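What follows is one structure encoded as structure tokens, with my remarks underneath.
The values are calculated or read from the model by the stated rules, or taken from the named source; none is laboratory data. Because the structure is predicted, anything quoted here is derived from the model rather than measured. Counting neighbours? That spans all protein chains shown, and the Cβs are built from the backbone with ideal geometry, glycine included. The area values use the complete protein model at the heavy-atom level, side chains included, leaving out ligands, DNA and RNA. Shrake-Rupley method; radii C 1.70, N 1.55, O 1.52, S 1.80 Å.
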Amino acid sequence: MQKYQLYIDGAWTDPLTGEWIDTANPYTGNTWARIPRAGAADVEAAVEAAHNAFRQGEWPALNATQRGLMLRRFAEVLTDNAERLAEIEVRDNGKLHAEVLNQCRYLAQWFHYYGGLADKIEGSVPPIDKPNVLNLTRYEPLGVCACITPWNSPLLLLAWKAAPALAAGNTIVVKPSEFTSASTLEFAALSEQAGFPKGVINVVTGFGPEAGDSLVRHAKVRKIAFTGGEAGGATVNSSAAPDFKRVTLELGGKSANIVFDDADLDQAVSGAISGIFAASGQSCIAGSRLLLQDSIHDDFLERLVGLAGEARIGDPMSPETQVGPITTEPQYRKILEYIDIAKGEGARLVLGGGSVPAPDGNRGLFVQPTIFADVTRDMRIAQEEVFGPVLAVMRFRNEDEAIAIANDVNYGLAAGVWTESLRRGITVSERLEAGTIWVNTYRSTSYTTPFGGYKASGLGRENGMEAIKEYLQTKSVWYYAGGDVANPYVRR
Ligand code: NAD
């Protein structure tokens, strides 16, 4: 069994707590590695290292171009290691290898993109209303940034944070999920090959309320980028508030996938299926509410149930598998509980509705692809995030009603619209309250375009040009050229 260590100040160390957490393969159910259970003293060492690396030595001495080159070197290293990282991640979170490999090959693009952006962040020269002064603005890094990630896409969601944070000149302390820390520790090991000075990248593993909480509360942490559930996000937000730390939160969703009667129905059926059943629904952008227009409702539902019912459940490493295991036991229990809640609320079960044993004597936890029809707005299955392969189907008469249903949730992460009408695509996407809208597609994201939530789905944005500003602060500098000192309040 593999035993991992913490990565602090460029060195591998055992946790000061002397404790480890077992990490299991969600498909086989076997423990395959042990990861350190870091405590407050470990976090203290990691933040101190990151703080020192930010203040002195090689990292702050690099100019933005040199920093960018280092990120792009790291991109090459990540590309060379994509296959290995993907295998580790599948062993840890049980997602389909095909999907994880694509993600791991894609990771490098964040480091290329933000590496390229590092020396293109320009300040401005505002036209000042006073004589004899020159005023300019510059963007400066914040300091130590905490990157806290969930178990569903550990490395991808780390890249979304680490690449802009480092490109901006910050240092980072990463706290991956206690369920899936191995790939992040491997990522840290690879960062050495890119030449990052010690202390610039640190990883502390452990539980959210222990290592995570110590990190969020540490006085020398200036920014927290968190992806996870609402409860964790709310705690992080309030723990960060007394010190006025910057916070980016990427939280949950209850995204609506809306199919109009003029849609390409073949395309829409496969969009609805990949929207909810990819990653066994363990995805923040899952299209977990399917809104069908009255006139196509029955036909569409029949096709959907037919196709989803054929999905092959099995080993996530096998290219034949379409539905993998549930990553964690608490998540498995939560999904089954929501299935019971939906049944109790009177939703009509049309597919699945329970667990299924793992094939070949493995001990993984599987839930059948599950579809509920006749779901109404007031049901919990229409309002709350399940984070599993459970689809709530609702019907609507017209555009106004579709939009009203879609917006009638606390979340606002994403939505899909299926229509052949350009007018409808434009107007509906404008009226939906969500940070990402897909028209005639679902699930696409890119390093070039902002991603984030409306309402309870989060704060701030990741990806694209605007994300780097989340890791920078603006300084306004005044140069006085001498002569008459103007009354600062009077324009002369
Ligand atoms: P989680 O909130 O339980 O944990 C996320 C991370 O936060 C973990 O590393 C955890 O240890 C840490 N954490 C938990 N409580 C903490 C605290 N009080 N202080 C500091 N750190 C703490 O979430 P999860 O179960 O790992 O992931 C599932 C959730 O993540 C879902 O709700 C899903 O929608 C959300 N998610 C959102 C996005 C997005 O981009 N919006 C992407 C993926 C997942």
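List, in order, the whole-Hz ³J(HN,Hα) value for each residue of the stretch 197-205 obtained from phi through the Karplus relation with A = 6.51, B = -1.76, C = 1.60 and θ = phi - 60°; use x for Gly and Pro.
For the stretch 197-205, the Karplus curve yields x, 5, x, 6, 10, 10, 10, 10, 9 Hz.
Sorted from largest down, what three extents in whole angstroms do the Cα atoms of the stretch 169-234 have along their principal axes?
Rounded to whole Å, the extents work out to 37, 26, 17 Å.
For a 24 Å ceiling on Cα separation, which of these pairs sit above it: Lys161/Lys245; Lys3/Lys198; Lys95/Lys343; Lys95/Lys220?
Details: Lys161/Lys245 16 Å; Lys3/Lys198 22 Å; Lys95/Lys343 27 Å; Lys95/Lys220 35 Å.
Too far apart for the 24 Å limit: Lys95/Lys343; Lys95/Lys220.
Amide H to amide H, which residues 5 or more places from Gly416 or on other chains are under 5 Å from it, using H placed in the peptide plane?
So Gly416 has HN proximity to Ala256, Asn257, Ile258, Trp438.
Please report the accessible area of His97 (heavy atoms, 1.4 Å probe, ligands and nucleic acids excluded) in Å², nearest 10.
Rounded to the nearest 10, that gives 40 Å².
Per residue of the stretch 247-253, in order, report the coupling 6.51 cos²θ - 1.76 cosθ + 1.60 (Karplus, θ = phi - 60°) as ³J(HN,Hα) in whole Hz, putting x for Gly and Pro.
Couplings: 9, 10, 10, 10, 10, x, x Hz.
Just reorder Phe54, Phe187 by solvent-accessible area, largest first, 1.4 Å probe, all chains present.
Details: Phe54 45, Phe187 5 Å².
The most accessible residue leads, giving Phe54, Phe187.
Compute and list, largest first, the equivalent-ellipsoid semi-axes of the stretch 256-439 from the alpha carbon gyration tensor, each √(5λ) rounded to a whole angstrom. Intermediate values should be presented prior to the final figure.
Details: eigenvalues 150, 58, 44 Å².
Working from the Cα gyration tensor, I get semi-axes of 27, 17, 15 Å.
When the accessible area of the chain is computed with all protein chains present and a 1.4 Å probe, what percentage of it is carbon and sulfur? Could the numbers behind the result be given before it?
On the way: 9790 of 19550 Å².
Solvent-exposed carbon and sulfur of the chain make up 50 percent of the total.
Any chance you could get the radius of gyration and Dmax over the Cα atoms of the stretch 327-409, in Å?
Rg then Dmax for the stretch 327-409, in Å: 14.4, 50.
Can you give the charge dipole size of the chain about its Cα centre, rounded to the nearest 20 debye, using +1 on the beta carbon of Lys and Arg and -1 on the beta carbon of Asp and Glu?
Numbers: 46 positive and 58 negative charges, 323 e Å.
Charge dipole of the chain: 1560 debye, to the nearest 20.
Can you compute the radius of gyration and Dmax for the stretch 117-254, using only the Cα atoms, both in Å?
Both quantities, over Cα of the stretch 117-254: 17.2, 60 Å.
Per DSSP helix of 4 or more residues, -39500 (n - 2.57); summed, then divided by the residues of the chain. What does that give at 222 nm, rounded to the nearest 500? Please list the in-between numbers first.
Details: 16 runs with 188 residues, N = 492.
Helix-only estimate at 222 nm: -12000 deg cm²/dmol.
Provide the descending list of Cα extents for the stretch 56-199 along its principal axes, expressed in whole angstroms.
For the stretch 56-199, the Cα spread along each principal axis is 65, 26, 25 Å.
Could you list the square roots of 5 times each eigenvalue of the Cα gyration tensor of the stretch 40-135, that is, the equivalent ellipsoid semi-axes, sorted largest first and rounded to whole Å?
Details: eigenvalues 279, 87, 36 Å².
Semi-axes, largest first: 37, 21, 13 Å.
Give me the percent relative contact order of the stretch 293-425, please, defined on Cα pairs under 8 angstrom at least 6 residues apart. Mind showing how you got there, number by number?
On the way: 171 pairs, mean separation 27.3, N = 133.
In percent, rounded to a whole number, it is 21.
Would you check the accessible area of Glu420, probe 1.4 Å, heavy atoms only, in square angstrom rounded to 10?
120
What residues have an amide H closer than 5 Å to that of Val174, excluding those fewer than 5 places away on the same chain, when H is modeled at 1.01 Å from N in the peptide plane?
Cys147, Asn202, Val203, Val204
Under unit Cβ charges (Lys, Arg +1; Asp, Glu -1), what dipole magnitude, rounded to 20 debye, does the stretch 256-439 have relative to its Cα centre?
On the way: 15 positive and 27 negative charges, 87 e Å.
Here the stretch 256-439 has a charge dipole of around 420 debye.
Test of understanding: express the Cα radius of gyration of the chain as a ratio to 2.2 N^0.38 Å, with N the residue count. Mind dumping the intermediate values first?
Details: Rg = 24.1 Å, N = 492, 2.2 N^0.38 = 23.2 Å.
The reported ratio for this selection is 1.04.
In whole Hz, what ³J(HN,Hα) sequence does the stretch 24-37 give by Karplus (6.51, -1.76, 1.60; θ = phi - 60°), x for Gly and Pro?
10, 7, x, 8, 7, x, 8, 6, 10, 8, 10, 10, x, 9
How do His112, His218 stack up against each other in accessible area, from largest to smallest, with a 1.4 angstrom probe? Mind dumping the intermediate values first?
On the way: His112 65, His218 25 Å².
Listed by decreasing accessible area, they come as His112, His218.
On average over all directions, what projected area in square nanometres does the stretch 284-357 have, based on the convex hull of its Cα atoms?
Details: hull surface 25.4 nm².
That works out to 6.3 nm², a quarter of the Cα hull's surface.
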